[in-house]
Amino acid sequence: MNNSTRNLKMKKLLIATTALVATAGMASADITITGHAAAGIQSGLSMKDAKAAYVGKKVTAATKTLSTTDATTGVTTKGTITAAVATTNPSVVSDEKAAREALHTAQMNLAAAASSTTAKALADLENEVAMKTQELAIVLSTAKSESYSTDGIYSNAGVDFTMTGATDNGISFSASVNIDAGMEIDTGDFEMDGKDGGTAGLGSVSMTGAFGTLTFDDGGIENLYSDGLSNADVSYATTVGAVSLTVAHDTDAASTGANSVLSSADGVGFIFSSKLPCSKNIQRIASIFVNSAGRICLRAGAEVVRSNMSLQPLKVGDWIWLSVDFNDQISCFKLIPADGGATSSVTFAFGSSLEKLKTTTTIIPDILSGYFACVVKNLGVTVTLSS
């Protein structure tokens, strides 16, 4: 009996000690509960969901008449276009792919048109680009017409739980949970936002100490580069002297590359070399290129000469058309935007600049030859070649 009692007491003591260790680092903890509620009568509010919804449609292709040139006056009259028409059937992935390829082909044909192309042929090529641009716009998105709510009532309520705590070694923690239900309206913009699901949502979880602040929020941290890109999942903020530093990271984009963006080091151009150039050290090549900002540049090893010529800044999905004339030492860069916008182009005579660089390096070949090339830095950025 005594042995059994002694063993039982020891077991209870171990459990109590374990519980004590688990909470020994916590100095304080608080939970703050706040809430809100609203109700009223509404009429004629803009239906936000309907206004913002876009549904791509299959398209009836645009048609055109051919341009003509008067044999007597030489004046060219551009042909007419019958606009593309959206059908009632939703588009699918293959429709978008076909429309993008058709627009790209039309843009490349126009960009590649030589100076000897007749005005009539050039006008027909311009009309072809306009037609394919119309068709892609319909396949991608046809906006639903704006609608308005009927007379009725609205009511909603929400509860927010904010939890904070601090350890005895100076690290503080915070987290929040919110629950919203009912019909939401935007009184400032007179919009009907729609029903809340009544489910609980977890806000950001953060910890702060002498090291700075580490915040976790799946898809809830604003992208520091551009609010047009996907949100980040984790951020770190600290202060070094008078400088505030914040770093945000999107784990999904890092693993899939789906939301990768161009870096300032990216570029498209031509490498002057008689043999296959080094692919791992950009400072061992000589090249002419357009950088991600659209600036035309010359590189010879570590030295970079930036010209006063530029295209539009490069964006994901853009096409770059490049020609290099060795005899006249002239290069032509053309940028064809992914959104079907206006093409920009520059012609750069690189001969004199290249000769100056030859005095500072031996990597530029005497007889010009080389390779078209692209430089990409970020994971997930890919390049598509076409001719």
| query | Over the Cα atoms of region 277-387, what is the Rg over Rh ratio if Rh follows Kirkwood? | reply | 0.95
| message | Multiplying the sequence separation of residue 211 and residue 119 by 0.36 nm and subtracting their Cα-Cα distance, what value in nm do you get? | response | 26.4 nm
| Difference of contour (0.36 nm per residue) and Cα-Cα distance, residue 179 to residue 315 | 45.0 nm
| query | Taking 0.36 nm per intervening residue step and subtracting the Cα-Cα distance, what contour gain separates residue 332 from residue 65 on full extension? | reply | 93.0 nm
| task | May I ask which of 275/358; 97/315; 120/315 have a Cα-Cα span longer than 22 Å here? | result | 120/315
| Distance (nanometres) between label positions extended 7 Å along Cα→Cβ at residue 245 and residue 345 | 4.7
| query | Based on the Cβ-Cβ distance of residue 366 and residue 97, what FRET efficiency does E = 1/(1 + (r/R0)^6) give at R0 = 45 Å, to the nearest 0.05? | reply | 0.50
| Reduced Cα scattering model of region 54-143, Debye log10 I(q)/I(0), q = 0.13, 0.19, 0.20, 0.21 Å⁻¹ | -0.49, -0.83, -0.89, -0.94
| task | Give me the distance in nm between label points sitting 7 Å out from Cα along the Cα-to-Cβ direction at residue 109 and residue 172, one decimal. | result | 6.6
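No lab work stands behind these numbers, since they all come straight from the coordinates. Note that the coordinates shown come from a computational prediction; the quantities given were computed from them, not determined experimentally. Heads up, the Cβs are rebuilt from the backbone with ideal geometry, glycines too, and the neighbour counts pull from every protein chain shown.
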